[in-house]
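Computed from the coordinates by the stated procedures, all read-outs in this text should not be read as laboratory data. Keep in mind it's a predicted model, so treat the numbers as computed, not measured. Please note: Cβ atoms are built from the backbone with ideal geometry, for glycine as well, and neighbour counts cover all protein chains shown.
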Amino acid sequence: MKSLFSETTRTMKSSLIRELVASTRNIEGLISFAGGFPSPKTFPKETLAALYQEVVSNEGASVLQYGASEGDSELKKELFKWEGYDLGQDKMLITVGATNAIYYMTRALVDPGDVVICEAPSFLGSLVAFEALGADLQAVPLDLEGIDMNALSEKVEACHKAGKKVKMIYTIPDFHNPAGLTMSYVRRKALIEYALAMNIPILEDNPYSRLRFSGEPVPTLFRIAHEEYRNNSIVMEVVSFSKILGPGMRIAYAKGDSELIERMCSWQQKVNITPDCVSQRVTARFLSGGYMQPHLDKTCDFYRPYLNRMLSAMATSLPPYIQYTRPEGGIFTWLWLPEDMNADSLFEKAKAHKVSFIPGSKFYPSGQEKFNCLRLNFSYSTVEQIDAGIKALGQMMEEFYT
Ligand SMILES: Cc1ncc(COP(=O)(O)O)c(C=O)c1O
């Protein structure tokens, strides 16, 4: 059969993170900071169970039927109310997770060989999708305020000089996966202005902005473009409910340019026909029933102590030459090790000591990796495990480095 596989399928990479996590699955007593799952304790199970029952009983004739490819209009109405501004139904597409929205946008814009700019590091799930679709992925480093604007313009200029088309800039501005960073307001404006000047669309991947445990929210790129530049087209924002309601529901939405939404919808028609109609209507009722804000407050209250514990364990137990991000939300922190310390080798050592994390090299496009960095997740371990795991990691770093 293999000889029949298409070129794309033969050369397609899988997400190495799943394989890494699988390699530690049978280690008894393992403290894992590796995964990216939300805590199942945050899922609003009772409310969702009641809403699924209600929706299927009362609206089953319509929601068990094939639905619209562009998504449930009732859900879109509720989403616009939730966000506080109505763009019109043609500027929103409901999708099967953010993963599908990202895939459709890339499908709609990128021909093989076209450039997609991503941040370095970035979310591996998107990087492998861009690569599978033939994109020439070019990584631009992050600093503490977000994407490095000088490096971005140099990169785009170099691509143009080489005769390449730059089709989009992929960014995760809030509680970045994997870097834990939030892009500053000033940097957001600079990025929008640059994108407008160069006519390069921005794909704003936003699964985490509502998981803020402290500090002031920064408006999304989409909102800034909408409110301050009166532009609804330069940014395509993709919001996922995976970390809010539960990734099993596979509900997300994209909003932005209506022509692009129409083309993305046309891909959705071919791939899925429609997102799950029952889950869409349940999400609509979750919003209209007023459950969302109390649920978000509860979820943030749940996660906050884990983040605080992780930050204080790192302050106490990590060697002084380790730099790390101090997020105010999300589910990840990111560590910078000294230049000559390799996190892939540290991973093997840590695994033997029953601690795991994801080596940072996995979050870069092929050939553009950095090896002196790693990602820690704080949403899945107990506070005791956080203390013990970070202490063990600090000791291993000292042994490794001396
Ligand atoms: C930055 C980022 N984008 C997209 C996704 C995928 O989201 P979804 O479950 O909505 O497909 C994730 C999931 O971890 C993520 O961290």
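Which value, in debye to the nearest 20, gives the size of the charge dipole of the chain about its Cα centre, when Lys and Arg are +1 and Asp and Glu are -1 at the Cβ? Intermediate results must be reported in sequence, preceding the final value.
On the way: 42 positive and 47 negative charges, 127 e Å.
Around 600 debye, computed over the chain.
Counting other C-beta atoms within 10 Å, and keeping those with at most 12, which DSSP coil chymotrypsin sites (Phe, Trp or Tyr not before Pro) do you find in region 54-149?
Details: sites: Tyr66, Phe80, Trp82, Tyr85, Tyr103, Tyr104, Phe123, Phe130; in loops: Tyr66, Tyr85, Phe123.
Passing both the DSSP loop test and the Cβ count: Tyr66, Tyr85.
The simple spin-label model puts a point 7 Å past each Cα toward its Cβ; for Glu28 and Met149 those points are separated by 5.7 nm.
I need the calculated FRET efficiency for the pair Val383 and Phe37, taking r as the beta carbon distance and R₀ as 22 Å, to the nearest 0.05. The partial results should precede the final answer.
Details: r = 17 Å, r/R0 = 0.79.
According to the calculation, E is roughly 0.80.
Calculated on the alpha-carbon coordinates, the convex hull of region 65-291 measures out at 116 cubic angstrom per residue.
Note on Thr8 and His353: the model spin-label points, each 7 Å out from Cα along the C-beta direction, lie 4.4 nm apart. Where in region 12-47 are there trypsin sites (Lys or Arg not before Pro) that are in a DSSP coil and have at most 15 other Cβ atoms within 10 angstrom of their Cβ? In loop regions of region 12-47 (DSSP not H, G, I, E or B), the sparsely surrounded trypsin sites (Lys or Arg not before Pro) are Lys13, Arg25. For Lys161, the aspartates and glutamates whose Cα comes closer than 16 Å to its Cα, not counting residues fewer than 8 places off in the same chain, are Asp114, Asp136. For region 65-291, the dipole from Cβ point charges (+1 on Lys and Arg, -1 on Asp and Glu) about the Cα centre works out to 400 debye, to the nearest 20.
Return the subset of Lys243/Lys298; Lys91/Lys270; Lys45/Lys243; Lys45/Lys351; Lys2/Lys351 for which the Cα-Cα distance in this structure is over 22 Å, preserving the input order.
On the way: Lys243/Lys298 13 Å; Lys91/Lys270 19 Å; Lys45/Lys243 14 Å; Lys45/Lys351 34 Å; Lys2/Lys351 34 Å.
In this structure, Lys45/Lys351; Lys2/Lys351 exceed 22 Å between Cα atoms.
Over what distance in Å are the Cα centres of region 149-186 and region 327-402 separated? Cα centres, region 149-186 to region 327-402: 25 Å.
Just check region 123-183 against the gyration tensor rule for me: Cα atoms, a ≥ b ≥ c as the square roots of the eigenvalues, rounded for a/c under 1.5, and otherwise prolate or oblate depending on whether a/b exceeds b/c. Here region 123-183 falls in the oblate category. Take the Cα of Val186, go 7 Å toward its beta carbon, and the backbone nitrogen atoms of region 201-242 under 19 Å from that spot belong to 216-221, 224-225.
Loop-only check: which trypsin sites (Lys or Arg not before Pro) in region 105-202 are DSSP coil with at most 11 other Cβ within 10 angstrom? Before the final figure, lay out each step's value.
Working: sites: Arg107, Lys155, Lys161, Lys164, Lys165, Lys167, Arg187, Arg188, Lys189; in loops: Lys164, Lys165.
Passing both the DSSP loop test and the Cβ count: no residue.
Springs between alpha-carbon atoms under 10 Å, Gaussian network over the chain: tell me which of Pro141, Pro320, Pro201 tops the mean-square fluctuations. Its mean-square fluctuation being the largest, the pick is Pro320.
Under the rule of -39500 (n - 2.57) per DSSP H run of 4 or more residues, summed and divided by the residues of the chain, what mean residue ellipticity at 222 nm is obtained, to the nearest 500 deg cm²/dmol? Spell out each step's value before the answer.
Numbers: 14 runs with 181 residues, N = 402.
That comes out to -14000 deg cm²/dmol.
Measuring nothing but alpha carbons in the chain and taking Rh as the Kirkwood radius, the Rg to Rh ratio lands at 0.96.
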